[in-house]
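Note sheet for the following structure.
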Amino acid sequence: MKYEEAIKELETIVRKMENDELDIDTLGEQLKRAQTLIKLCRGKLTKTDEEIKSILADS
């Protein structure tokens with residue numbers, strides 16, 4: 001999954017939570033999904049940061 005797709009899905013989950021659109025059963029599932037998406041995004045950002053630092057160090 002691409003970073004942008006994960007962010008969009010996270011935004012959708014947050015919007016639904018803020019608007020009380022999730023019932024109690026769905027809320028737990030969506031929170032787990034959000035946690036997975038956050039880990040994915042964090043990993044991608046960390047990897048990109050390391051790549052940028054490596055490129056700049058080689059310059």
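Some points to look at:
- Members of the stretch 15-35 that are within 23 Å of Thr48 (Cβ to Cβ) and exposed (fewer than 13 other Cβ atoms within 10 Å of the Cβ): Gln35
- Scanning the stretch 1-14 for residues that are open to solvent by 80 Å² or more (accessible area, probe 1.4 Å) and either touching a helix residue (DSSP H, G or I) at 6+ places or on another chain (Cβ under 7 Å) or not in a helix (DSSP H, G or I) (or both) turns up Met1, Lys2.
- Taking the stretch 27-59 as the range and being of a type outside the set (D, E, K, R), part of a helix (DSSP H, G or I) and over 16 Å from the mean Cα position of the chain (by Cα) as the test, the residues that pass are Leu27, Gly28, Ile52, Ser54, Ile55, Leu56, Ala57.
- Among (1) open to solvent by 80 Å² or more (accessible area, probe 1.4 Å); (2) at pLDDT 95 or above, the one test that Ile55 misses: (2)
- Residue tally, condition open to solvent by less than 70 Å² (accessible area, probe 1.4 Å) and of a type outside the set (Gly, Ala, Ser), over the stretch 36-46: 4
The values are calculated or read from the model by the stated rules, or taken from the named source; none is laboratory data. Predicted model, so just to flag it, every value in this text is computed and none were measured. Using ideal geometry, Cβ is built from the backbone for each residue, glycine included, and neighbour counts are taken over all protein chains shown. Only protein heavy atoms, including side chains, enter the accessible area calculation; ligands, DNA and RNA are left aside. Shrake-Rupley method; radii C 1.70, N 1.55, O 1.52, S 1.80 Å.
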